[in-house]
Amino acid sequence: MDINLTTGQVKKLMAGKKESLLIVDVREPHEYAEGHIPGSILVPLGDVAAHIDRFPKDKTILFVCRSGRRSLEAANLFLENGYTEVFNYQGGMLAWNGAVERGLYKGNSEG
């Protein structure tokens, strides 16, 4: 299974799985604050492994970063831990041409 998605595939996934899709941005807080996909949550790559058990296995998870390298690392970690509906946004925010939110998500105050 190819877990790498293009911008078009990401938009299709977002449109089709609104309720069951979790978009996880694995960049650093300052990168996320500069602009992120609306509705995405921030979990920096360095924190992903520590929080893996908090993610529901019945959701589709899309990992995003600046270019697709860090998010691929996170996606592979989830696949190795039994998650099946996991995808990487290849190209990341550099390739994103959709809506962007700025600032930190209020629900991401824990470190």
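Suppose we keep only residues that are in a loop (DSSP other than H, G, I, E, B) and modelled with pLDDT of 95 or more within the stretch 59-81. Which one would you say is surrounded by the most Cβ atoms within 10 Å (Cβ to Cβ)? Of everything passing the filter in the stretch 59-81, 65 is surrounded by the most Cβ atoms within 10 Å (Cβ to Cβ).
Restricting to the stretch 82-94, and then to whatever is assigned to a strand (DSSP E or B) and not hydroxyl-bearing (Ser, Thr, Tyr), can you tell me which residue is surrounded by the fewest Cβ atoms within 10 Å (Cβ to Cβ)? The selected residue is 86.
The condition of being surrounded by 12 or more Cβ atoms within 10 Å (Cβ to Cβ), modelled with pLDDT of 95 or more and on the phi < 0 side of the Ramachandran plot holds for only one of 105, 32, that being 32.
The values are calculated or read from the model by the stated rules, or taken from the named source; none is laboratory data. For clarity, every value in this text was computed on a predicted model and none was experimentally measured. Cβ: placed from backbone, ideal geometry, glycine included. Neighbour counts: every protein chain shown.
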